[in-house]
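> For reference, the structure I am asking about is given below.
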Amino acid sequence: MQRDKKTVMITTTGCVDCYVDVKILKDYFADIYHYDVTDNYSKADIIMILGCIATQYVEDDTRALIDYITTQKREDAELVVLGCISKVRPEFTPSQERTTLPLDEIHDLLQQGDLTNPVVPYSPDSFVEADFFQAKKERKLQAFQQYAESAPKPYRNRLAAVAYQKIFEIFRHYTDFMGTKISPCSGRSALLRISLGCKNYCSYCAIKRARGQVRSKPLPQLMDQVHQILAAGYTDIVLTGTNIGDYGKDLGLDLLDLLDRLVHLEAPLRIRMRNLHPKWVIANIDEFLKLLGSGKFLFVASPIQSGNDRILKLMNRGYGAEEFLAGMREIHRRCPAVILETHVIVGFPGETEAEFEDSLRIIDEEIFDHIVINRYTERPGTKAASFMDKNPEKVIWARYKRMLLKKLVSRPLRQLKALYRLNYGSY
Ligand code: SF4
């Protein structure tokens, strides 16, 4: 008797690179094992979650999704958790002792990265379950209430606290919306994962523990994939990887080699770059400026993480704030059409109020169209987790709020223009 086809659901709480992993796994189960692939966990025989642990609050989401699916899935369905959480927080993933899946094969597939040439459209909203999302919103609210309770005196009385909460919620939703719209990826872009892993050892980072050393995709294969993406009708290509600045370092190549090939392609192409380490920008600024001058670049995201050199040293980032900002100023001056994004971590252990002010001043630079602000959260097994002079939660929240509010009122028109150009405009 023909056994009914098995059904698998694969989802992630992770980053853009995990979207590529999800696509690879969906193709693998469909092509190799002839499974049906579904987005509905109640229909699935096997549910696979690629769980993220980049920050404590994303880890909370991942664990909440695991708990949620565990209670909601069919009793006979199997739940398998992979991704960074399985490497950094295996204690929070279900045992895989009795799994029927070829896990070693799957690990190898994810470790190698996509040796196939999938066209991976960026479509963020197909992964998260509606009611799980509702639960996530409630968790965010709880996180804020904790903050409201630790807020300075005037907000202690009920009415003021509620009013304050509502205003802040509106801000949060607005920033979340802007964050999804002013991003390296939009519904018109396809993802090109050029490498996995990285060569750096940032003291706060758990991703490196999960993704390991850099493994780059050979250039000829990448160019084949680019042609497939263009043939599929996409003009926007997002170069992604754990740290794309390390692309090619394991192959005797450099990211410049790939960018040069892309710029000289006879095709209407727009390049978006995410996770570009500032060290690479500083080291290659002259050649990069020449390539940016081609007009083929739409978006560059390079995370500065702090505006203070002592904190950058503690983070083991390997550059000074001014040398990076000087490069970005030059990019902004000579290629104003390129949308620039950076990331800042607030509340890093030992960060003083004055050092935080240095990060706050990044906004005054008026270089960046978008700044992603992250609250420092301790990650297991990282060097920063052993640092003694940790900032209290309420200090971290207060700095986060200050920077968020300052960012919001800084050049709103420029933010809206970037939003329009990335999602709707004809560039
Ligand atoms: S560059 Fe630093 S933060 Fe980024 S993945 Fe590598 S170690 Fe982590």
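The values are calculated or read from the model by the stated rules, or taken from the named source; none is laboratory data. As the structure is a computational prediction, the values presented were derived from the model and not from experiment. All Cβ positions, even for glycine, are placed from backbone atoms using ideal geometry, and neighbour counts span all protein chains on display.
> When only residues in region 190-215 that are part of a strand (DSSP E or B) and within 16 Å of the ligand (Cβ to nearest atom) count, which is surrounded by the most Cβ atoms within 10 Å (Cβ to Cβ)? Show your work before the answer.
Kept after step one, since they are part of a strand (DSSP E or B), are these residues of region 190-215: 190-196, 215.
Next cut, within 16 Å of the ligand (Cβ to nearest atom) only: 193-196, 215.
Details: R193: 25, I194: 21, S195: 29, L196: 25, R215: 17.
Step by step, filter region 190-215, then rank; the result is S195.
> Can you find a residue in region 322-340 that is of a type outside the set (F, W, Y) and within 16 Å of the ligand (Cβ to nearest atom)? Spell out the reasoning first.
If we filter region 322-340 for residues that are of a type outside the set (F, W, Y), which is where we start, we get 322-323, 325-340.
Now restrict to residues that are within 16 Å of the ligand (Cβ to nearest atom): none.
Within region 322-340, not a single residue is of a type outside the set (F, W, Y) and within 16 Å of the ligand (Cβ to nearest atom).
> OK, next. Just need a number here: residues in region 1-20 that are within 20 Å of T99 (Cα to Cα) and surrounded by 20 or more Cβ atoms within 10 Å (Cβ to Cβ).
Our first condition is that a residue be within 20 Å of T99 (Cα to Cα); within region 1-20, this holds for 3-12.
Among the residues that remain, those that are also surrounded by 20 or more Cβ atoms within 10 Å (Cβ to Cβ) are: 8-12.
Of the residues in that region, 5 qualify.
> Something else: So, I53, is that one surrounded by 22 or more Cβ atoms within 10 Å (Cβ to Cβ) and in a loop (DSSP other than H, G, I, E, B) or not? Give the steps one after another, and end with the answer.
Details: surrounded by 22 or more Cβ atoms within 10 Å (Cβ to Cβ): yes; in a loop (DSSP other than H, G, I, E, B): yes.
So I53 fits the description; yes.
> Right, something else. Can you tell me which residues in region 161-211 are small (G, A, S) and in contact with a helix residue (DSSP H, G or I) (Cβ under 8 Å, 6 or more places away or on another chain)? Step through it out loud before you land on a result.
So the first thing to find is which residues in region 161-211 are small (G, A, S), and the list is 161, 163, 179, 183, 186-187, 189-190, 195, 197, 203, 206, 210.
Matches in region 161-211: A161, S183, S186, G187, A190, S195, G197, S203, A206, A210.
> Given the residues R310, R274, which is the only one that is basic (K, R), surrounded by fewer than 19 Cβ atoms within 10 Å (Cβ to Cβ) and touching a helix residue (DSSP H, G or I) at 6+ places or on another chain (Cβ under 7 Å)? If you could, list the steps in order and put the result at the bottom.
Working: R274 fails: surrounded by fewer than 19 Cβ atoms within 10 Å (Cβ to Cβ).
Only one candidate qualifies: R310.
> Please name all residue pairs, on different chains or six or more residues apart, with Cβ atoms under 7 Å, provided the first residue is in region 250-273 and is in the same structural domain as G295 (by TED's automatic domain parsing) and the second residue is in a loop (DSSP other than H, G, I, E, B) and among the polar types (S, T, N, Q).
Every condition considered, the pairs that remain are L256/N284; V263/S294; P268/T235; L269/T235; R270/T235.
> Something else now. K290: over 17 Å from the mean Cα position of the chain (by Cα), within 14 Å of the ligand (Cβ to nearest atom), over 26 Å from R375 (Cβ atoms) and free of Cβ contacts under 8 Å to residues at least 60 places away in the same chain, yes or no? Working first, answer last.
Details: over 17 Å from the mean Cα position of the chain (by Cα): yes; within 14 Å of the ligand (Cβ to nearest atom): no; over 26 Å from R375 (Cβ atoms): yes; free of Cβ contacts under 8 Å to residues at least 60 places away in the same chain: yes.
So K290 does not fit the description; no.
> Looking only at residues in region 56-95 that are of a type in the set (S, T, Y) and closer than 19 Å to C205 by Cα, which one is surrounded by the fewest Cβ atoms within 10 Å (Cβ to Cβ)?
Applying the first criterion (of a type in the set (S, T, Y)) to region 56-95 yields 57, 62, 68, 70-71, 86, 93, 95.
Of the ones still in play, those that are also closer than 19 Å to C205 by Cα are 57, 62, 86.
Numbers: Y57: 14, T62: 25, S86: 21.
Step by step, filter region 56-95, then rank; the result is Y57.
> Among the residues in region 163-182, are any more than 16 Å from the ligand (Cβ to nearest atom), buried (at least 20 other Cβ atoms within 10 Å of the Cβ) and modelled with pLDDT of 80 or more?
In the first step, residues of region 163-182 are kept if they are more than 16 Å from the ligand (Cβ to nearest atom); the result is 163-182.
Next cut, buried (at least 20 other Cβ atoms within 10 Å of the Cβ) only: 182.
Within this subset, residues satisfying the condition of being modelled with pLDDT of 80 or more are none.
No, that holds for no residue.
> Still on this model: Within the group K383, K401, which residue is farther than 18 Å from S302 by Cα, at pLDDT 95 or above, in the same structural domain as R272 (by TED's automatic domain parsing) and surrounded by fewer than 20 Cβ atoms within 10 Å (Cβ to Cβ)?
On the way: K401 fails: at pLDDT 95 or above.
Answer to the check: K383.
> Of the residues that sit in region 216-244 and are within 16 Å of the ligand (Cβ to nearest atom) and part of a strand (DSSP E or B), which one is surrounded by the most Cβ atoms within 10 Å (Cβ to Cβ)?
At the first step, the residues of region 216-244 found to be within 16 Å of the ligand (Cβ to nearest atom) are 216, 239-244.
Next, from what is left, pick out any that are part of a strand (DSSP E or B): 216, 239-241.
Details: S216: 23, L239: 26, T240: 26, G241: 29.
Here the answer is G241.
> Only one residue in D67, D76, D108 is outside any helix (DSSP H, G or I) and among the acidic types (D, E), so which one is that? Don't jump to the end; show me each part of the working.
On the way: D67 fails: outside any helix (DSSP H, G or I); D108 fails: outside any helix (DSSP H, G or I).
The unique qualifying residue is D76.
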